[in-house]
1. Could you calculate the contour length gain from residue 45 to residue 1, that is, 0.36 nm times the residue separation minus the distance between their Cα atoms, to one decimal place in nm?
2. Can you tell me the length gained on complete extension of the stretch residue 77 to residue 19, counting 0.36 nm per residue apart and subtracting the Cα distance?
3. Provide the FRET efficiency to the nearest 0.05 for the residue 107-residue 34 pair, computing r from the beta carbons and using R0 = 35 Å.
Amino acid sequence: MWAISRGLAIGVSSATITAAVVVAIAKFTPVDDSPCDSDLACLPDVRPVIYALTCMPLVIAIVGPLIARLVGASRPLWFAVPAAWVVVLACIGLGPADGQDQWPFNDPFSSIAILLAPYIAIALRTSRPAHADEVIRSGS
C-alpha cells in the first residue's frame with residue numbers, strides 16, 4: 001500500500017510541476033502579433049503551445065527522479081520512464097484534430113490517470129528489496 005501511495009505522490013507532484021512549467025512557458029513566451037499581410041488565412045501564433053508541449057517530456061524526465069529521491073524511493077532514475085508516455089501525449093496533442101478524436105484518452109482527466117499508472121507500477125517494482133530479485137533468479 002505504501003508503494004502505491006508513494007507512486008501516486010511522485011506522479012501527482014511531477015504532473016503538477018510539469019503543468020506549472022507548461023503554463024509558465026505558454027504565458028511568458030512572446031506571441032507574434034504582426035499584422036497579417038498575405039492573401040492566405042491568418043492563423044494565430046501557436047509557437048507558445050508547441051514550446052510548452054514539447055518541453056513536457058523533458059520536465060517529467062527531470063522532475064520525476066528528483067521527487068522520487070526526495071520521497072526516498074529506491075532507484076529514483078526509473079521515475080524518468082513516464083516521460084515516454086508524455087512524448088505520446090505531446091505527439092497526439094500536436095497532431096491533426098481527427099487523429100485526436102480517434103485517440104481513446106483525448107480528454108485531460110484520462111490522460112492524467114493513464115500518466116499516473118506507470119508511476120504506480122515503477123513504485124511497486126522498486127519497492128521490493130534488492131535481494132528478492134536474486135532469490136527469484138536463483139530459484140531458491
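1. My answer for the length gained is 11.2 nm.
2. Between residue 77 and residue 19, full extension yields an extra 18.8 nm.
3. After rounding, the FRET efficiency stands at 0.55.
Read the figures in this text as sums done on the coordinates, not as results from a lab. Worth saying up front: this structure is predicted, and the values here are computed from it rather than measured. Glycine gets a Cβ as well: all are built from the backbone with ideal geometry, and neighbour counts include every protein chain shown.
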